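Since the structure comes first, as structure tokens, the remarks are kept for the end.
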Amino acid sequence: MAKTVQGIRGMNDVLPAEAQRWAFFEDVIARWVRAYGYGEIRMPILERTELFVRSIGEVTDIVEKEMYTFTDELNGEQLTLRPEGTASCVRAVIEHNLLYPGPQRLWYRGPMFRHERPQKGRYRQFHQVGVEALGFAGPDIDAEHVLMCARLWRELGLDGIRLELNSLGSAEARSRYRSKLVAYLEKHASDLDEDSRRRMHSNPLRVLDSKNPALQPLIEAAPRLADDLDEVSASAFAHLQTSLRDAGIDFLVNPRLVRGLDYYNGTVFEWVTDQLGAQGTVCAGGRYDGLVEQVGGKPTPACGFAMGVERLLALMVDEAVAAVVPDAYVVHQGDAASRLAEQVAERMRDAGLSVVLHCGGGSFKSQMKKADASGARFAVILGDDEVQAGQVSVKAMREAKPQLRVSLADANELIKTR
């Protein structure tokens, strides 16, 4: 007997029971983005590797260690399964000239791929919902994004998610700060771990994001970017904080929040929780005003955020999500009834009902057991007597009501009314 083929580690199946939770989440998301006027965009999962190297940064963990990259044997191109959605979205906006009519509010959903060590909340194929606003320069759009997230947590019934903010400033401000930070890190190079020493000159801001507990005192004593913040960024950051206070949104300014992608500038934010262990960030984003030009478009202000679907679903485990059950289960016994059952089920579906038609034969008793196990609210029964009378019998499965024999039209109305 052949050995069973297993799924790839870190790439998970979503089974029917769990898929109900996914469907509930996706329905909430679709209503939520529509309420803010965002239009959906769908990008391919495969892009040229150059797109991510150019946008995310050559010395980021994602590009250096985590991307699924291969050479297309037909033309020799380097291709990559997308590790995040913003770069793909920006590429599509430029390629299809979507900014010609004016600023765009866009959103997307789908799988992303990173070759990481699988653990709870961190998978090699994971799913994100992303929101991007391109062509908006003011801090009011930053505030909108934070308020969107706060509304979503309420609609999903999620508690214990807190907001952290920071500003990375302009490129010029970061350059001044980078020089100070490198000088500080060089002075303490012997105290750094191997990963931080490697990043000290190539991407020093990422040292501030180290999760190594031994480095936290050194990081805490490092120079602060806020001291070198340019006036425009400082003003925008203050405006955002005022808007959030006016809206009653609690937040913490975290001067060590830098984000892991090189394209960020200005305001950045993360929504974090203590309920998922090490993988505490459930949603993150900020401004990336230079990315459109970096990918080949005209200079365009932009900002956005993305959330991890699996992480949010893990927080929803204790939330009640109504099971998807059929309105009716059609039971049939006898040759004439079996031939008619398919038509009956289709006419019930025409009336807007969800219907499971019994397949595979079996006794009346065994079919009724399956009707009960399906969770259906009603069993619609077809036998020789019903066929001759041109009617169906309707049995309530979840309440004590008498079984009725009625016309199919009356049966549909009865089920819909109850």
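Quick notes on this structure:
- In a fully extended conformation the segment linking ALA183 and HIS96 would gain 26.9 nm over its present Cα-Cα distance, using 0.36 nm per residue.
- Beta-bridge orientation, segment 328-413: approximately 45 percent antiparallel, per DSSP, counting only bridges with both partners inside.
- Scattering curve values for segment 36-100, log₁₀ I(q)/I(0), Debye with Cα scatterers, q = 0.24, 0.27 Å⁻¹: -1.05, -1.20
- Cβ-based net charge around PRO223, under 14 Å, with every Lys or Arg adding one and every Asp or Glu removing one: +3
- Paramagnetic label zone (point 7 Å from Cα along Cα-to-C-beta, ALA19; backbone N under 15 Å) in segment 92-132: none
- Distance in nm between pseudo-label sites at MET1 and GLN119 (7 Å out along the Cβ direction from Cα): 3.7 nm
- Charge tally around ALA336: other residues with Cβ under 11 Å, Lys/Arg +1 each, Asp/Glu -1 each, net -3.
- Per-residue packing, averaged as other Cβ atoms within 10 Å, sorts the ranges 13-20, 41-48 into the order 41-48, 13-20, beginning with the highest.
- FRET efficiency for VAL232 and SER366, using Cβ-Cβ distance with R0 set to 56 Å, rounded to 0.05: 0.15
- In the chain, the calculated helix contribution to ellipticity at 222 nm averages -11500 deg cm²/dmol per residue, counting -39,500 (n - 2.57) for every DSSP H run with n ≥ 4.
- Under-5 Å amide H pairs with GLY110, H placed in peptide plane, nonlocal only: GLN128
- Most tightly packed first, judged by the mean number of other beta-carbon atoms within 10 Å of their residues, the peptides 251-259, 97-105 read 251-259, 97-105.
- Counting all C-alpha pairs of the chain, share separated by more than 35 Å (%): 44 percent
- Lys, Arg +1 and Asp, Glu -1 on Cβ, resulting dipole of segment 328-413 about Cα centre, debye, nearest 20: 360 debye
- Relative contact order %, the chain, counting alpha carbon pairs below 8 Å whose residues are six or more apart: 15 percent
Laboratory data are not the source of any read-out in this text; all were calculated from the coordinates shown. The structure displayed is predicted, hence computed values, not measured ones. Note: ideal-geometry Cβ built from the backbone for every residue, glycine included; neighbour counts use all protein chains shown.
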